[in-house]
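S.K.: The structure follows.
The numbers here are math on the coordinates, done by the rules we state, and not lab data. The shown structure was predicted, so the numbers you read here are calculated from the model rather than taken from an experiment. Backbone-built Cβ (ideal geometry, glycine too); neighbour counts: all protein chains shown.
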Amino acid sequence: MLTPERLSLNTATVREQWDLRQCVEGCLRHGFGGIAPWRDKIHEIGLDEAARIIRASGLGVSGLCRGGWYTAEGALTEAVIDDNRRAVDEAAAIGSKYLVMVVGGLPEGSRDIVGAREIVTEGLAKTLEYARSVGVHIAIEPLHPMYAADRACVNTLRQTLDICDVLGDGIGAAVDVYHVWWDPEILDQIKRAGKERLMAFHICDWLVPTRDMLTDRGMMGDGVIDIKGLREAVEAEGFSGLNEVEIFSALNWWKRDADEVMQVIIERGRTSC
């Protein structure tokens, strides 16, 4: 069972209803323990104001979404490196220990997924070097294989940890149940990750049928994921962070009153997590 103070609101969950100020106010109103902003919400009001609002709220910050996209220009470019440096600075400014990375898929026209992962690893190394200097940790989020071509060529926790083994301290994983629930190795890889590399834990559910592969995630309890089992697995390794609710739902939850969404999250935290 998850009580509200153990929950963090990823702003994507109410992205169509609330701006960042409203998200912060909603978290406080409903007793959430934290928030995880997306960069677009920060940019809407400016970094200084976003940092002021978040820090004044007293909420925990479970992560900043997102950096990465290292393959976006077909190869590792200075523009991509610079944007990730800005993302690190934004994470530090709002008091987030973690910058979540969606690393990027295949470069346009490419069929070389191994080469794409090499670009990603090189980019992460460059970002990590800077992140260490400002006290921000890098959390790679492996995405479901259906996103391998266009969003993330790192698709399993094993692949994530292999990269972490190469790059060393200050880098780990953001484990999103939507992306990893199917993986037959997931429990073994959670154990392999251990406390230091389990940096974030995201919850939602996988609907059957899923009507859109990006924007039809389910509320916890509405799908087939053993959320409680995965939560217990990361906690068994020492993860004690907030449980971050991240639901992309153009067909359902983005159409509802945001306070209703928050209330349902609280109910499902108690009954389905």
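S.K.: Hey, can you tell me all the residues within the stretch 242-256 that are touching a helix residue (DSSP H, G or I) at 6+ places or on another chain (Cβ under 9 Å) and not aliphatic (A, V, I, L, M)? Lay out the reasoning, then the answer.
M.R.: Going through the stretch 242-256, the residues touching a helix residue (DSSP H, G or I) at 6+ places or on another chain (Cβ under 9 Å) turn out to be 242-243, 245-249, 253-254, 256.
If the condition is that a residue be touching a helix residue (DSSP H, G or I) at 6+ places or on another chain (Cβ under 9 Å) and not aliphatic (A, V, I, L, M), then N243, E246, F248, S249, W253, W254, R256 are the ones that fit.
S.K.: I'd like the full set of residues that are touching a residue at least 60 places away in the same chain (Cβ under 8 Å) and under 25 Å from K228 (Cβ atoms), limited to the stretch 1-25. Don't jump to the end; show me each part of the working.
M.R.: Taking the stretch 1-25 first, the residues touching a residue at least 60 places away in the same chain (Cβ under 8 Å) are 1-4, 6-10, 12-18, 22.
Hits for the stretch 1-25 are M1, L2, T3, P4, R6, L7, S8, L9, N10, A12, T13, V14.
S.K.: Of (1) in contact (Cβ under 8 Å) with a residue 40 or more places away in the chain; (2) charged (D, E, K, R); (3) in contact with a Ser or Thr (Cβ under 9 Å, 6 or more places away or on another chain), E185 satisfies all except one. Which?
M.R.: Going through the list (1) in contact (Cβ under 8 Å) with a residue 40 or more places away in the chain; (2) charged (D, E, K, R); (3) in contact with a Ser or Thr (Cβ under 9 Å, 6 or more places away or on another chain), E185 breaks only (1).
S.K.: Which of the numbered conditions does I171 fail, given that it passes all the others? Conditions: (1) among the β-branched types (V, I, T); (2) over 14 Å from G68 (Cα atoms); (3) in contact with a Cys (Cβ under 7 Å, 6 or more places away or on another chain).
M.R.: (2)
S.K.: Is it fair to say E185 is over 21 Å from V154 (Cα atoms), out of contact with any Gly (no Cβ under 8 Å at 6 or more places or on another chain) and surrounded by fewer than 19 Cβ atoms within 10 Å (Cβ to Cβ)?
M.R.: Values: over 21 Å from V154 (Cα atoms): no; out of contact with any Gly (no Cβ under 8 Å at 6 or more places or on another chain): yes; surrounded by fewer than 19 Cβ atoms within 10 Å (Cβ to Cβ): yes.
No: the conditions fail for E185.
S.K.: Please determine whether any residue of the stretch 116-125 is touching a residue at least 24 places away in the same chain (Cβ under 8 Å) and charged (D, E, K, R).
M.R.: Of all residues in the stretch 116-125, those touching a residue at least 24 places away in the same chain (Cβ under 8 Å) come to 116-117, 119-125.
Applying the additional criterion that residues be charged (D, E, K, R) yields 117, 122.
Yes: one or more hits.
S.K.: Go through the stretch 234-252 and give me each residue that's out of contact with any strand residue (DSSP E or B) (no Cβ under 9 Å at 6 or more places or on another chain) and over 19 Å from G63 (Cα atoms).
M.R.: Answer for the stretch 234-252, where residues must be out of contact with any strand residue (DSSP E or B) (no Cβ under 9 Å at 6 or more places or on another chain) and over 19 Å from G63 (Cα atoms): just A236.
S.K.: Scanning for something in contact (Cβ under 8 Å) with a residue 12 or more places away in the chain, in a helix (DSSP H, G or I) and in contact with a Cys (Cβ under 6 Å, 6 or more places away or on another chain), does the stretch 258-272 turn up at least one residue? Walk me through how you get there before you give the answer.
M.R.: The first filter runs over the stretch 258-272 and keeps only residues in contact (Cβ under 8 Å) with a residue 12 or more places away in the chain, leaving 258-259, 261-266, 268-272.
Filter again for in a helix (DSSP H, G or I), leaving 258-259, 261-266, 268-271.
Those still in the list that are in contact with a Cys (Cβ under 6 Å, 6 or more places away or on another chain) too: none.
There is no residue in the stretch 258-272 that is in contact (Cβ under 8 Å) with a residue 12 or more places away in the chain, in a helix (DSSP H, G or I) and in contact with a Cys (Cβ under 6 Å, 6 or more places away or on another chain).
Okay, residues lined up against (1) in contact with a Leu (Cβ under 9 Å, 6 or more places away or on another chain); (2) more than 22 Å from V175 (Cα to Cα):
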position: T71; (1), (2): yes, no
position: A75; (1), (2): no, yes
position: A79; (1), (2): no, yes
position: A87; (1), (2): yes, no
position: I94; (1), (2): yes, no
position: S110; (1), (2): no, yes
position: I113; (1), (2): yes, no
position: P145; (1), (2): no, no
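S.K.: Still on this model: I want to confirm something. Restricting to the stretch 1-20 and keeping residues that are in a helix (DSSP H, G or I) and out of contact with any helix residue (DSSP H, G or I) (no Cβ under 6 Å at 6 or more places or on another chain), which single residue is surrounded by the most Cβ atoms within 10 Å (Cβ to Cβ)? So that I can check it myself, show each step before the final result.
M.R.: Of the residues in the stretch 1-20, the ones in a helix (DSSP H, G or I) are 4-6, 11-14, 20.
Adding the requirement that they be out of contact with any helix residue (DSSP H, G or I) (no Cβ under 6 Å at 6 or more places or on another chain) leaves 5-6, 12-13.
Values: E5: 12, R6: 17, A12: 23, T13: 26.
Residue satisfying both the conditions and the ranking: T13.
S.K.: Separate question: Restricting to the stretch 201-231, name every residue that is among the hydrophobic types (A, V, I, L, M, F, W, C) and farther than 29 Å from K97 by Cα. Write out each step before concluding.
M.R.: Taking the stretch 201-231 first, the residues among the hydrophobic types (A, V, I, L, M, F, W, C) are 201, 203-204, 206-208, 213-214, 219-220, 224-225, 227, 230.
Within the stretch 201-231, L207, V208, M213, V224 qualify.
S.K.: Further, regarding this structure: Mind telling me which of the residues R21, R6, R29, R66 ends up being closer than 16 Å to A92 by Cα and either in contact with a Phe, Trp or Tyr (Cβ under 7 Å, 6 or more places away or on another chain) or not acidic (D, E) (or both)? Steps first, please.
M.R.: Numbers: R21 fails: closer than 16 Å to A92 by Cα; R6 fails: closer than 16 Å to A92 by Cα; R29 fails: closer than 16 Å to A92 by Cα.
Of the residues listed, the single one that is closer than 16 Å to A92 by Cα and either in contact with a Phe, Trp or Tyr (Cβ under 7 Å, 6 or more places away or on another chain) or not acidic (D, E) (or both) is R66.
S.K.: Of the conditions (1) over 22 Å from P4 (Cα atoms); (2) in contact with an Asp or Glu (Cβ under 6 Å, 6 or more places away or on another chain); (3) buried (at least 17 other Cβ atoms within 10 Å of the Cβ); (4) not hydroxyl-bearing (S, T, Y), G194 satisfies every one except a single condition; which number is it?
M.R.: Single failed check for G194: (3).
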